[in-house]
Amino acid sequence: MPPTLASLVRHPGLKLSVLAGEDRLETPVRWAHVSELADPVPYMEGGELLLITAMQIEAEDPEAMSRYVRRLVGAGVVGLGFALGVKYAEVPAALAAAAKEEGLPLIGVPRPTPFIAISKAVSAAIAADQYRAVTAGFEAQRELTRAAIGAEGPAALLARLAAHVDGWAALYDVSGSVVAAAPDWAARRAARLTADVERLRSR
């Protein structure tokens, strides 16, 4: 699965702490992005963990922080990583309050942890997730090929296919009749699609 805020917090090398939004840590993280802009929203795509030192924002101004956090949430930012011990030893109360108000997870980044370490952790987790997906696809292809050329018949092939897609599968003959389906309950559902099969076959 892709990295989440929770998996980053659990990462032993990062030593991150949760300062707000504890109930939203299972949110997937698409990327970690560093920006000190007062309004980084134009450069966001959604799904980012935004990392800041608060050099360019009015972190102690409640109204400014309320607007800032609302913009981030509106842009789909999934978490805010705050560098502790750079400009502020602790997260300013105004920023913490705004994050809690908007439900935006606020993550404390200790001084010894460079932002690049977080970016690398996110990148590595994304790469590992993609590798698992590709590997699973190849494994599924090999398994389906073995079933197709084996002596077990179409029912075994459909059972494996249905398991891989986490759904159901059916085989129709040229007349549109159901030859086999998996799981067993899918045969009735597949039969209801005979008219659709007929239309597809005519094309």
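The values are calculated or read from the model by the stated rules, or taken from the named source; none is laboratory data. The structure displayed is predicted, hence computed values, not measured ones. Reconstructed Cβ throughout: ideal geometry from the backbone, glycine too, with neighbour counts over all protein chains shown. For the accessible areas, the whole protein counts, side chains as well, though only heavy atoms, and no ligand, DNA or RNA atoms are used. Shrake-Rupley method; radii C 1.70, N 1.55, O 1.52, S 1.80 Å.
3J(HN,Hα) along the stretch 132-141: 4, 5, 5, 4, 5, x, 5, 4, 5, 4 Hz, from the Karplus curve 6.51 cos²θ - 1.76 cosθ + 1.60 with θ = phi - 60°, whole Hz, x for Gly and Pro. Here's the picture: charge each Lys and Arg Cβ at +1 and each Asp and Glu Cβ at -1 in the chain, and of Gly150, Gly137, Ala6 the one pushed furthest to the positive end of that dipole is Gly150. Note on the stretch 141-203: Cα-Cα pairs beyond 16 Å make up 46% of the total pair count.
How large is log10 I(q)/I(0) at q = 0.10, 0.11, 0.13 Å⁻¹ when the Debye formula is applied to the Cα atoms of the stretch 73-189, each weighted equally and without solvent? The Cα Debye sum returns log10 ratios of -0.61, -0.64, -0.70.
Heavy-atom surface analysis with a 1.4 Å probe gives the chain a carbon and sulfur content of 57 percent of its accessible area. Think of a 1.4 Å ball rolled over the protein heavy atoms: the stretch 89-203 then has 63 Å² of accessible area per residue.
Across the stretch 36-43, coupling constants 3J(HN,Hα) worked out from phi with the 6.51/-1.76/1.60 Karplus curve, θ = phi - 60°, read 9, 5, 5, 9, x, 3, x, 9 Hz, and Gly and Pro carry x.
Beta bridges per DSSP, both residues in the chain: antiparallel share near 40 percent.
Here the stretch 7-79 and the stretch 122-143 have alpha carbon centers that stand 28 Å from each other. Accessible surface ranking for Phe82, Phe138, Phe115, 1.4 angstrom probe, highest first: Phe138, Phe115, Phe82.
Across the protein chains, with a 1.4 Å probe defining accessible surface, the residues His33, His164 rank His164, His33 from largest area downward. Solvent-accessible area of Thr27, all protein chains in place: 40 Å² (probe radius 1.4 Å, heavy atoms, ligands and nucleic acids excluded). Each residue of the stretch 27-33 was assigned a 3J(HN,Hα) from its phi angle through the Karplus expression (A = 6.51, B = -1.76, C = 1.60, θ = phi - 60°), giving 5, x, 10, 7, 6, 10, 10 Hz with x at Gly and Pro. The solvent-accessible area of Ile116, taken with every protein chain present and a 1.4 Å probe, is close to 100 Å².
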